[in-house]
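Worksheet: one structure, shown below.
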There are 2 protein chains.
Amino acid sequence: MTHLVSGQDHPGLILTPSAVREMNSAQAPLFEKSLQEVVDEVAVEMQKGIDVPVPKDLAGGYTHETHKRNFFTMQKAGVLFQITGDEKYAVYIRDMLLQYARIYPTLGKHPATRSYARGKFFWQCLNDANWLVYTSQAYDCIYDWLDKQTVKKLNKELFRPYAEYISIQNPQFFNRIHNHSTWGNAAVGMIGLVMQDAELVNWALYGLDVDDLHQQEKDNDGGSLDLKTQGEAGFIAQIDHSFSPDGYFTEGPYYQRYAMYPFLIFAQALANKKPDLDILKYRDRLLIKAVYALINQTNGLGEFFPFNDAQKGMSLASRELVNAVSMAYFFGDQDPSLLSIIEKQDRVPLNDAGLSAASAIAQGLSQPFDYKSLELSDGAKGDEGGIGILRADDMTLVMKYAKHGMGHGHFDRLGFMLYDGGDEVIQDYGSARWVNIDHKDGGGYLKENHSWAKETIAHNTLVVNKDSHFDGNVQAADLTSGTRYSFTSTDSVSIVSAREENAYKDVKMQRTMALLTIEELERPLVLDLLTVQAPMETRYDLPLYYQGELMSVNQQIEANTTLSPMGQESGYQHLWAEGQAAVNGDMFQMTWFNGKHFYTVTSATTEGDEMIFTRIGANDLKFNLRRDPGLIQRRVGGNTVFASVYETHGFYSYSDEIPLNSFTSISDLSVDHNSEGYVVAAIELTSGKVYRFAFSLKDNDPNHEHSVETSKGEIKWKGIYDFKRK
Amino acid sequence: MTHLVSGQDHPGLILTPSAVREMNSAQAPLFEKSLQEVVDEVAVEMQKGIDVPVPKDLAGGYTHETHKRNFFTMQKAGVLFQITGDEKYAVYIRDMLLQYARIYPTLGKHPATRSYARGKFFWQCLNDANWLVYTSQAYDCIYDWLDKQTVKKLNKELFRPYAEYISIQNPQFFNRIHNHSTWGNAAVGMIGLVMQDAELVNWALYGLDVDDLHQQEKDNDGGSLDLKTQGEAGFIAQIDHSFSPDGYFTEGPYYQRYAMYPFLIFAQALANKKPDLDILKYRDRLLIKAVYALINQTNGLGEFFPFNDAQKGMSLASRELVNAVSMAYFFGDQDPSLLSIIEKQDRVPLNDAGLSAASAIAQGLSQPFDYKSLELSDGAKGDEGGIGILRADDMTLVMKYAKHGMGHGHFDRLGFMLYDGGDEVIQDYGSARWVNIDHKDGGGYLKENHSWAKETIAHNTLVVNKDSHFDGNVQAADLTSGTRYSFTSTDSVSIVSAREENAYKDVKMQRTMALLTIEELERPLVLDLLTVQAPMETRYDLPLYYQGELMSVNQQIEANTTLSPMGQESGYQHLWAEGQAAVNGDMFQMTWFNGKHFYTVTSATTEGDEMIFTRIGANDLKFNLRRDPGLIQRRVGGNTVFASVYETHGFYSYSDEIPLNSFTSISDLSVDHNSEGYVVAAIELTSGKVYRFAFSLKDNDPNHEHSVETSKGEIKWKGIYDFKRK
């Protein structure tokens, strides 16, 4: 391999001359493997020849996907040029850029009119910004290799006008606190660093000096276009406002993953080119913390919790996280537990961070990541709710009481999901969208995302009077967050409890979920106590979206011989009721099987309760929704509590056909006390043992003492909760 | 480790003294690992103590599962005693056997009355035979270690009466040609070999001398109790009649897997104790061939094709196949391609065969198994239909035109299923049963197995006038088989074609399926031509049970706002129609996605055709059926052809969200000729290229020349088929 001479200004964004030298001498098989994969990928693309078509299509369409492939390939080719010194890569990038420079001045706005901020090569400025974030890296890699004439031409005819278009010409895109703007800021800043254009870098860091240039009031997701003035927008302000102090991103992990790439790649460039900013230490090392927050928001397969708008299956394997985790390793504390995640990713970015991680792995430094029970606060100050993550054994429970999450939020206050390793036990639907798949309305959000996926009935949380939280109004939901009440975690008991008092008028809800390890049981139990203060005759629907095949129910199911939609709106129009059971105060139990393990829900019921067995799929002309099952506990009443236990048990494999422990170990669940101040529940096991859980709903002082009269006598305890065998 | 002295009569069934010596000196990590696993499993069971409860429960219940665990554990403990010499294993077996001997004389028939042949420890003799097949191995291992008094007691008070009970006292169980009888024969024969009881061995090999002792006419699966006289029944007769010359078992691979264990384990014992029989060479090495037949009847995950009554997921990983594949290696030709399957099984049986395989793997001899397109004939003489397996790339198609398969058969003549690696593309439902899972009616067949899973509409084959093949009558179906027409396989074209003329009165069907590799396409195509001769106004329903999420359809779907069952009987009572499209002679295309790849069906339609989008689950009070989707092509007419192409294309991953090749490459499919003698179809690609497939339906002589007038002019070819680019 030949090396480029050093002492130059470029590359300087994500590759540095000294790092390139090290790459050529390192003993790091994972880096070599990643390099070879990129060599192969780029070879395939280069063999196809250069194609810069006139923009026409939406996401998923030919011109969209081609321009997208182009920027990915240019970025990779740039790195390969630096590492291998093979000029064919530089020539490829130059020739492609010249084609972009030729076509760019001829373009108006993209012909598709769907976006609040139309791009030129793509239907939205967001994708144009994606292009520039990647392409500026490629340009950086060949900048010193290009003749001055070409540089001048590209700067003037392509890059500067391109950067202006997505900034000053579209402030409604550039000057917000929003993941779209983060991409815009990074794009403009990175090309500014390459071109040494201080004005662009300044816009990128601190925003534009605009006052009220917007003509539209909402973006395509229903988020408000609240434009900022200079200093209140730009990259630094994004870091200030986009994350909580714990690194939680209010739109949720799916969008955080997407936003992290521009945050981290621009930060990396700034660390190299403007080290005085010390961007990676900014706000108590917020950007590194944000990577840890993402890692903590995953199931046993590394897939992100799919709350808010999120396509399921997005995971730590994504290209964004491949970059992010190595970067957190390199620019953070060289935490060896990140290396085990990088090993699972099975590739590293071709930069200093990736090399460093791969070398450390080669030295055997990797250690397992310690997934713990923890709470992530929401809000820039950390005081606007959050999410609680409970983990024990292979079980992971996450409950959400965060902010709404703006245009991508779902009406799911106090909702939860439960995993067994990587398997969904109780699922969140995620978004109704097939990202980038043209078959499905161009790969964008489907109309069922609004009519079903965002609605409260699509989530594992309480629906009052068949209407969604906040009456389905994003602006109203954005005004408040859920309220953290307590979070506690010991070896055997983890509890999260939070309140929601704004979602419905005159209704106060508090949900308390506990993950309990009981010696005599195979796996931890989940206890779920949802207490409600509301007027008499309030109608409640509490759904449970279990995943798997129903094994048995302890009550008689009345099956419906014809099916009709369960309602007209708020998501009910997409549900069939396959059957129902009038439980009338009896204990309800249902066991299901997910292909490996058995799960049993045990619910206390009250007189008049009904259990409805639902199926998603009504009014779904285009088969946009999955036909997943659900169970709705329906009750009419005033102040009340919904109490359930979710048990994981047993095992069965289709190749040996020997079921182990396929029956629940719970014989009864009773609510022994329920008032505004306290809730007490008792879990009786088939062994005859009884475990009692008592919880103080209004006083979370760990030192206060409580005394409550229950249906089984008076009990006393100290602190927020008491869990013991009776 | 201490070794037992040799020169003894025992062990002699599946372990021999010389093999035991080798086991203690071998360098075979897989054997060591398998040994350690068994040591651990047995330790867990021994720690629980001995439990021999009074029989009471059905499958899945406590006493059933305990007795089952007992025999598995005793067999393993016996092997461990031989290999390790540790007497604790012998003591454990002896003590358990004495408990069985104590309880046995007190038992009448099992209290559950469901079986045509009730057992003593289990509800059916079949399970009692299972017990004896395993326990006789354990007894063999400790026979020489036991004092004579104990041997005498066990032989007289437990084993001889036990063997008599499942043979001469239940000839309706023992003296048939059926997998139940195979278990009975092996059980009685194996204990006979251990006890050196020539009478038992004789019964086992040649059957009982009974004439007509049966009181019932059918077994529990609806199979007839056709008892045999001596020489027509017994183990040798089972080998003669249970398999085709290709090793195919008429009940299908799920039951073949179950039956193979007694066939092979008894054969192994006979090879050791009665080498003069040369049982493994019998009938042109039929038993070894049968293992290959099983291996060939699997998808990319090693799971058996689930036709007839079969629980999906049963696979080469099962305990029966762990024994069978190692045995086929050892007693066959030491075929190195079997070793790669054993590596995937990741364990070997603790006997000579397992040791031999593990040693060969340790020596690096393993080679990939070559899964090829092939046909397996059915019928003892190989002339009663069969199944055709077409393979190319990762695609596997299997079409069935075999015998019905007796009580476990489904009404699925000319049905097919299609796999992409281990993924179902077009599925067979399998059985409606959760084997051994007590929640589901004791783990036995559910009533929906009859009302849905066996019915023709549950399969990917033609339903005429809404009635199942043979009007759902097993006896009628057993009288005939499908008729093989041709099977051919080259590098780029594999074709199977078969006829069915008995399933419906006055209706002659022939299905021709081809797996076609076309250079310009990413993956092979499946062409499906189902030609029918029938009276005018015949009503046809042709279902397609695709697996995955529907992406798009090229016709307008009319969604149903309320759902009703599609009929009253023949399986239609379990189907909802979610929507329909009136296709009226237009080409129909539907694309679906299974989480990795895209699949598109393209169907030619005729005036009046309707496509119905179905969902399983109506009239399913106990949620016994999976809510899987289906597509039914409905037509009313006389002589006709159903022509479709199934295309596999593209890729999409949820973690990178970049769809590749998500659209079909087929732009049209036309039927250019259809008569009793010929069918000609043309596949047009989006590239504009047209491929024509011509097939002679009545003359399969490869040397004959054909000339046909098509809608696009006259064509000529030589041989059964012609496939070429026009």
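The values are calculated or read from the model by the stated rules, or taken from the named source; none is laboratory data. Everything quoted here is computed from the prediction, not taken from an experiment. When we count neighbours, we look across all protein chains shown, and the Cβ atoms used for this are built from the backbone with ideal geometry, even at glycine. Keep in mind that these areas ignore ligands, DNA and RNA; they rest on the heavy atoms of the full protein, side chains included. Shrake-Rupley method; radii C 1.70, N 1.55, O 1.52, S 1.80 Å.
List of remarks:
- In the stretch A:594-610, residue nearest to the other protein chains (Cβ to nearest Cβ) [restricted to those that are open to solvent by less than 10 Å² (accessible area, probe 1.4 Å) and touching a residue at least 40 places away in the same chain (Cβ under 8 Å)]: A:Phe598
- Leading residue by the ranking (least open to solvent (accessible area, probe 1.4 Å)) among those in the stretch B:295-320 that are within 13 Å of chain A (Cβ to nearest Cβ) and either out of contact with any Ser or Thr (no Cβ under 9 Å at 6 or more places or on another chain) or among the charged types (D, E, K, R) (or both): B:Glu320
- Among the candidates B:Glu320, B:Glu251, the residue that is in a loop (DSSP other than H, G, I, E, B) and among the charged types (D, E, K, R) is uniquely B:Glu251.
- Extreme residue, farthest from B:Leu376 (Cα to Cα), among residues of the stretch B:490-548 that are part of a strand (DSSP E or B) and among the β-branched types (Val, Ile, Thr): B:Thr538
- Selection from the stretch A:421-455 of residues that are within 12 Å of A:His410 (Cβ to Cβ), assigned to a loop (DSSP other than H, G, I, E, B) and not acidic (Asp, Glu): A:Tyr429, A:Gly430, A:Ser431, A:Ala432, A:Lys454
- Selection status of B:Ala267, modelled with pLDDT of 95 or more, within 25 Å of the chain's Cα centre (by Cα) and in a helix (DSSP H, G or I): yes
- Any hit, the stretch A:37-47, residues being open to solvent by less than 10 Å² (accessible area, probe 1.4 Å) and away from every other protein chain (no Cβ under 14 Å): yes
- Number of the exception - B:Asp209 against (1) surrounded by fewer than 21 Cβ atoms within 10 Å (Cβ to Cβ); (2) at pLDDT 95 or above: (2)
- Out of B:Lys48, B:Lys76, B:Lys68, one residue alone is basic (Lys, Arg) and closer than 18 Å to B:Ala101 by Cα. It is B:Lys68.
- For the stretch A:117-144, the tally of residues that are among the hydroxyl-bearing types (Ser, Thr, Tyr) and open to solvent by 10 Å² or more (accessible area, probe 1.4 Å) stands at 2.
- Verdict on A:Tyr62 being open to solvent by 30 Å² or more (accessible area, probe 1.4 Å) and among the aromatic types (Phe, Trp, Tyr): yes
- Among (1) touching an Asp or Glu at 6+ places or on another chain (Cβ under 9 Å); (2) small (Gly, Ala, Ser); (3) crowded, with 21+ Cβ neighbours inside 10 Å - the single one B:Ser497 does not satisfy: (1)
To keep it simple, each residue is scored yes or no on (1) at the interface with chain B (Cβ under 8 Å from one of its Cβ atoms); (2) within 34 Å of the chain's Cα centre (by Cα); (3) under 30 Å from A:Lys718 (Cβ atoms).
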residue: A:Gln633; (1), (2), (3): no, yes, no
residue: A:Phe642; (1), (2), (3): no, yes, yes
residue: A:Glu647; (1), (2), (3): no, yes, yes
residue: A:Gly650; (1), (2), (3): no, yes, no
residue: A:Glu657; (1), (2), (3): yes, no, no
residue: A:Thr686; (1), (2), (3): no, no, no
residue: A:Lys689; (1), (2), (3): no, no, yes
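- Selected residue [open to solvent by less than 10 Å² (accessible area, probe 1.4 Å) and assigned to a strand (DSSP E or B)] from A:Gly354, A:Gly388: A:Gly388
- The set of residues from the stretch A:611-662 being part of a loop (DSSP other than H, G, I, E, B), in contact (Cβ under 8 Å) with a residue 60 or more places away in the chain and among the hydrophobic types (A, V, I, L, M, F, W, C) comprises just one member, A:Leu625.
- Counted residues, the stretch B:553-579 - those being open to solvent by 60 Å² or more (accessible area, probe 1.4 Å) and more than 10 Å from chain A (Cβ to nearest Cβ): 3
- Condition met for A:Asn473 (within 14 Å of another protein chain (Cβ to nearest Cβ) and open to solvent by 10 Å² or more (accessible area, probe 1.4 Å)): no
- In the stretch B:148-169, the residues that are in contact (Cβ under 8 Å) with a residue 60 or more places away in the chain reach residues that are part of a helix (DSSP H, G or I) with C-beta atoms within less than 6 angstrom, at least six apart or across chains, in these pairs: B:Leu158/B:Tyr100; B:Leu158/B:Ala101; B:Leu158/B:Tyr104.
- In a residue-by-residue description of the stretch B:456-464, the property of being open to solvent by 10 Å² or more (accessible area, probe 1.4 Å) and in a loop (DSSP other than H, G, I, E, B) applies to no position.
- For the stretch B:621-666, a residue qualifies if it is in contact with a helix residue (DSSP H, G or I) (Cβ under 7 Å, 6 or more places away or on another chain) and either surrounded by 20 or more Cβ atoms within 10 Å (Cβ to Cβ) or in the same structural domain as B:Thr600 (by TED's automatic domain parsing) (or both), and the qualifying residues are B:Asn624, B:Leu625.
- Hits in the stretch B:74-87 - residues which are closer than 22 Å to B:Leu158 by Cα and open to solvent by 10 Å² or more (accessible area, probe 1.4 Å): B:Gln75, B:Lys76
- Any hit, the stretch A:177-193, residues being open to solvent by 10 Å² or more (accessible area, probe 1.4 Å), modelled with pLDDT under 95 and among the β-branched types (Val, Ile, Thr): yes
- With respect to (1) buried (at least 22 other Cβ atoms within 10 Å of the Cβ); (2) not in a helix (DSSP H, G or I), the lone exception for A:Asp57 is condition (1).
- Residue check for B:Glu251: among the acidic types (Asp, Glu) and within 14 Å of another protein chain (Cβ to nearest Cβ): no
- Test: residue in the stretch A:518-527 that is crowded, with 20+ Cβ neighbours inside 10 Å, at pLDDT below 95 and away from chain B (no Cβ under 13 Å): no
- So B:Gly571, is it more than 30 Å from B:Leu374 (Cβ to Cβ) and modelled with pLDDT under 95: no
- Scanning the stretch A:580-593 for residues that are more than 33 Å from the chain's Cα centre (by Cα), within 14 Å of another protein chain (Cβ to nearest Cβ) and either at pLDDT below 95 or open to solvent by less than 10 Å² (accessible area, probe 1.4 Å) (or both) gives a single hit, A:Ala581.
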